[in-house]
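Notes follow once the structure below has been shown.
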Amino acid sequence: MADIKWDLGRFGKLHVRHGKGARGSGPRERMVPLINGADRTLRWFIEDVWGQFDDDHTRAGAPLFPSERKDADGTSRRVGDDALRNGLAAAAKAHLPAWADTLTPHVLRHFCASELYLGGLDLLGIQEVLGHSWIATTMRYIHVQQTRVEDAWVSGQQRAAKRLGGLMG
């Protein structure tokens with residue numbers, strides 16, 4: 001819980017201590033801004049869900065994602081990587097059967113990067129969120145529709161027409 005930094009930035013940031021890392025360098029630490037409503041979702045989780053684990057979320061060392069398993073002192077353990085992967089696999093199987101064998105945390109990283117890009121976040125911002133050292137790596141994560149150039153051209157034409165219309169009237 002101490003990794004949530006509500007006072008950093010506009011929306012708060014999450015200190016990711018054990019995130020995905022490159023093959024040789026291991027997991028990368030980074031501060032991830034709680035954008036796109038993540039701040040609201042995290043507050044909801046802490047206020048409405050976390051308490052159901054029968055533990056004190058304000059205690060020092062309280063895990064952000066508690067497990068149903070308890071430590072010897074009765075406090076909640078941290079949920080493990082396997083539980084998150086297995087939970088995603090079970091949810092995909094139940095709710096997205098066509099994706100059951102392909103939806104992984106890594107696929108979600110690619111989807112997130114692409115959605116952030118399509119939503120207007122620049123490559124450097126996405127690079128920071130994903131924790132990449134090299135912009136080329138970030139670029140490989142972004143997948144856009146085949147009509148991206150045409151869509152951008154149409155959008156630019158519409159903006160120009162609005163500006164010219166304002167000058168004429």
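The values are calculated or read from the model by the stated rules, or taken from the named source; none is laboratory data. None of the values given here were measured: they were computed from a predicted structure. Neighbour counts are summed over all protein chains in view; Cβ atoms, including those assigned to glycine, are modelled from backbone coordinates with ideal geometry. Ligands, DNA and RNA are stripped out before the accessible areas are found, and what is left, the full protein with its side chains, is counted by its heavy atoms. Shrake-Rupley method; radii C 1.70, N 1.55, O 1.52, S 1.80 Å.
For the chain, the fraction of alpha-carbon pairs lying more than 29 Å apart is 36 percent, rounded to a whole number. The chymotrypsin sites (Phe, Trp or Tyr not before Pro) of region 106-147 that DSSP puts in a loop, and whose beta carbon has at most 14 other beta carbons within 10 Å, are Trp134. Farthest towards the positive end of the charge dipole of the chain, among the residues Val16, Gly125, Val154, is the Cα of Val154, using unit charges on the Cβ of Lys, Arg, Asp and Glu. Extension gain, Val49 to Glu128, is 25.6 nm, computed as 0.36 nm per intervening residue step minus the present C-alpha separation.
How large is log10 I(q)/I(0) at q = 0.18, 0.20 Å⁻¹ when the Debye formula is applied to the Cα atoms of region 28-101, each weighted equally and without solvent? Debye curve over Cα of region 28-101, log10 I(q)/I(0) at q = 0.18, 0.20 Å⁻¹: -0.95, -1.07.
Solvent-accessible area per residue in the chain equals 72 Å², computed with a 1.4 angstrom probe and all protein chains kept. Normalised by the number of residues in the chain, the mean separation of alpha-carbon contacts (under 8 Å, six or more apart) gives a relative contact order of 13 percent. When Rg and the Kirkwood radius Rh are both evaluated on Cα atoms of region 74-113, their ratio Rg/Rh stands at 1.10. Between Trp6 and Lys70, full extension at 0.36 nm per residue minus the direct alpha carbon distance yields a gain of 20.3 nm. Each label point was placed 7 Å from the Cα along the Cα-to-Cβ direction; for Ala100 and His15 their separation is 4.1 nm. Size of region 120-163 from its Cα atoms: along the principal axes, largest to smallest, the extents are 40, 22, 12 Å.
Cross-link partners of Lys162 among aspartates and glutamates, defined as those whose alpha carbon lies under 19 angstrom from its own and excluding same-chain residues fewer than eight positions apart: Glu150, Asp151.
Return the lysines within reach of Lys13: Cα separation strictly under 24 angstrom, same-chain partners fewer than 8 residues apart disregarded; answer none if there are no such residues. Cross-link targets: Lys5.
Dividing the C-alpha radius of gyration of region 58-131 by 2.2 N^0.38 Å, with N its residue count, gives 1.46.
Here the accessible area is traced with a 1.4 Å probe on the protein chains. For region 28-106, carbon and sulfur cover 52 percent of it.
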